[in-house]
Amino acid sequence: MSTPNAVIVGVGAEQGLGAALCRLLAGKGYHVVIAGRTPAKIDKVAATINASGGSAEAIETDATDEAAVVRLFEHAFTPRNGIAAPDFVVFNAGINRPIGFRDLTAAQFEEFWRICCFGGFLVGREAARHLAPLGRGTVIFTGASASLRGKAGFAQFAAAKAGLRMISQSMAREFGPLGLHVAHTIIDGGIDGERLRSRRPDVDADGLLNIDAIAESYWHIHRQHPSAWTQELDLRPYKENF
């Protein structure tokens, strides 16, 4: 029996959502293709999984580079002895920081769009090209509450995340009837990972989203029966106002 396979794009530090997804999938018996921009970080995630008896490989990938994303999927879907073609793809790349609208440069706006939206388009397109002909699989996009409402200082983030949400909805309507489950998660609140902790070390963890709990929700989406698929799921800590 072949080992199931997953592609996680946008993996960074070990204490981050991307790495948590990789560990969960490896624990479920998956071979995990770990894609991210920083070799040292993705190599560390892969090494930890392999050392614990799991199966993982790290592939340096800039999600905004079309050729790199195409190569990533061609590699992941190349037949290998004992490893099945992927059936689970997650786009988790992102960038976020406040910038006053009057100070926002065109280059900064484009940077946010390229990472949060254009990268999602490239990953989603390649996932659909490979999975739709197989008539199965799951694609999940990590979104944000900014896709629903803009906030002062976050126009660049909200615009990009709103675009990613529309990509997800369009894909779901096009490929759902072909057997490909496409979902979008709205992360409403701070994620308790290295990125936030490095900036706000004293923040109360009780008011943050736990990375392993988010990963479990992604797994639940992947395992849903096609008669009751989730297209959009919002996740927030119980203390978060909404």
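The values are calculated or read from the model by the stated rules, or taken from the named source; none is laboratory data. If you're wondering where the values come from, they're calculated on a predicted model, not measured in any experiment. A quick note on method: Cβ atoms are made from the backbone with ideal geometry, for glycine too, and the neighbour counts reach across all protein chains shown. Please note that ligands, DNA and RNA were not included when accessible areas were found on the heavy atoms of the full protein model with its side chains. Shrake-Rupley method; radii C 1.70, N 1.55, O 1.52, S 1.80 Å.
A few remarks follow.
- Linear extension gain, Gln231 paired with Lys44, 0.36 nm per residue minus alpha-carbon span: 64.1 nm
- If you count Lys pairs in the chain whose Cα atoms are under 30 Å apart, skipping same-chain pairs closer than 8 places in sequence, the total is 8.
- Cα gyration tensor shape of region 2-86, rounded if a/c is under 1.5, else prolate or oblate by comparing a/b with b/c: oblate
- Put a plus charge on the Cβ of each Lys and Arg, a minus charge on the Cβ of each Asp and Glu, and nothing anywhere else: the dipole of the chain about its Cα centre is then about 240 debye.
- Within the accessible area of the chain (1.4 Å probe), percent carbon and sulfur: 52 percent
- Cα long-axis angle, helix 155-175 against the chain (0 to 90 degrees, to the nearest 10): 30 degrees
- Extension reserve of the Asn96-Ala152 stretch, reckoned as 0.36 nm per residue once the Cα distance is removed: 18.8 nm
- Each stretch of four or more DSSP H residues adds -39500 (n - 2.57); spread over every residue of the chain, this sum gives -12000 deg cm²/dmol at 222 nm.
- Cβ crowding within 10 Å averaged over residues, with 229-239, 96-106 ranked highest first: 229-239, 96-106
- Label-to-label distance, nm, for residues given as Arg125 and Leu178 (7 Å Cα→Cβ offset): 1.4 nm
- Length available on full extension from His75 to Arg136: 0.36 nm per residue minus the Cα-Cα distance, which gives 20.1 nm.
- The protection proxy used here, the mean number of other Cβ atoms lying within 10 Å of each residue, ranks peptides 110-117, 51-58, 165-172 as follows, highest first: 110-117, 165-172, 51-58.
- Computed from point charges on the beta carbon alone (+1 for Lys and Arg, -1 for Asp and Glu), the dipole magnitude for region 132-242 about its Cα centre is near 360 Debye.
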